[in-house]
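Input: a single structure, listed below in C-alpha cells.
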Amino acid sequence: MAAPPETVWPLLLDLERIAPCMPGAEVAERVDESTYKVSVTLALGALKLVYRGEVAIAEADEEGRRTVIEAKAAEARGQGTARATIKTTLTAEDGGTRAAVVTDLQLTGRVARMGPGIVEDVSKRLLGEFAACLSQKAAAEASTPPERTRPIGGLRLIARLVGARLRRLFRG
C-alpha cells in the first residue's frame, strides 16, 4: 500500500470502515469495542449464500503492527458454517506498507462440498479486492491533511454525550 503503517494501522482496526472493502460484507451492529455482528452475501455461480455472525478483534499488537481477527458465521438458510482466524502483520516497505495476511478458514455445508480449489480461488479473489480497496482508503487518508482541532467547549461536550446516549437508547 502506498500509505505508511502509521496510517494503515488505525484503519485496519476500524472494522466498520473497512467492512465495505470486503465484497458482500456488511456490519449490522457493534456489540462492544472489538466485536461486531456482520452479514456476508456470497455468490458462487447460481449459488447465493448469506452468512450471519460475528467478527472480533481478538488481538491488536500496536508495537508489532499485528492483528488477529476471529470470525464465525452460519448460513441464514442452510446448515453451513464458516470460521476464520485472520492474522495480519504490517511492515514498512518502500515508503509504504506491506500487509502479510494468513487465514485459517474452516467451512461446512454447501460451500465445503465445492472443493478446496474453488474455495481457494474465491478466497484469493475476495482478498485481492479487499486489499485494493483498503489500499485506496489508506492512500486517501495519507494524502488528506490532518484537521485542525479546537478545544471542546462545555456545551458541545454535553451535547455530544447526550446525543451518543440517545443513539444507544434508540438502537436497542
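The values are calculated or read from the model by the stated rules, or taken from the named source; none is laboratory data. Note that the coordinates shown come from a computational prediction; the quantities given were computed from them, not determined experimentally. We place every Cβ from the backbone using ideal geometry, glycine too, and count neighbours over all the protein chains shown.
Miscellaneous remarks
- Qualifying residue in the range 76-84 (condition: surrounded by 14 or more Cβ atoms within 10 Å (Cβ to Cβ), part of a loop (DSSP other than H, G, I, E, B) and within 19 Å of the chain's Cα centre (by Cα)): no
- Yes/no for ALA3 being closer than 21 Å to VAL101 by Cα, assigned to a strand (DSSP E or B) and touching a Ser or Thr at 6+ places or on another chain (Cβ under 7 Å): no
- Pairing each residue of the range 124-145 that is farther than 13 Å from ALA19 by Cα and at pLDDT 85 or above with any residue that is among the hydroxyl-bearing types (Ser, Thr, Tyr) and part of a helix (DSSP H, G or I), provided the two are 6+ apart or on different chains, yields C-beta distances under 8 Å for ALA138/THR7.
- Taking every residue in the range 85-105 that is farther than 16 Å from LEU134 by Cα and pairing it with any residue that is polar (S, T, N, Q) and not in a strand (DSSP E or B), at least 6 positions away or on another chain, the pairs with Cβ-Cβ distances below 8 Å are THR103/SER123; LEU105/SER123.
- Every residue from the range 106-117 that is in a strand (DSSP E or B) and surrounded by fewer than 14 Cβ atoms within 10 Å (Cβ to Cβ): GLN106
- Failed condition for LEU90, given (1) of a type outside the set (Ser, Thr, Tyr); (2) modelled with pLDDT of 95 or more; (3) outside any loop (DSSP other than H, G, I, E, B); (4) out of contact with any Phe, Trp or Tyr (no Cβ under 8 Å at 6 or more places or on another chain): (4)
- From GLU54, GLU120, GLU59, residue being free of Cβ contacts under 8 Å to residues at least 12 places away in the same chain, part of a strand (DSSP E or B) and either of a type in the set (Asp, Glu) or in contact with a strand residue (DSSP E or B) (Cβ under 6 Å, 6 or more places away or on another chain) (or both): GLU59
- Residue match in the range 39-46 (condition: under 22 Å from SER135 (Cβ atoms), surrounded by fewer than 17 Cβ atoms within 10 Å (Cβ to Cβ) and in contact with a Lys or Arg (Cβ under 6 Å, 6 or more places away or on another chain)): no
- Residue that is nearest to LEU42 (Cα to Cα) [pool: residues in the range 90-105 that are polar (S, T, N, Q) and surrounded by fewer than 16 Cβ atoms within 10 Å (Cβ to Cβ)]: THR103
- Here the condition is being assigned to a strand (DSSP E or B) and at pLDDT 90 or above; of ALA99, ALA43, it holds for ALA99 alone.
- Residue satisfying condition, being acidic (Asp, Glu) and under 14 Å from the mean Cα position of the chain (by Cα), within set GLU59, GLU93, GLU63: GLU59
- Lone qualifier among VAL50, VAL38 - being over 15 Å from the mean Cα position of the chain (by Cα), modelled with pLDDT of 90 or more and farther than 19 Å from TRP9 by Cβ: VAL50
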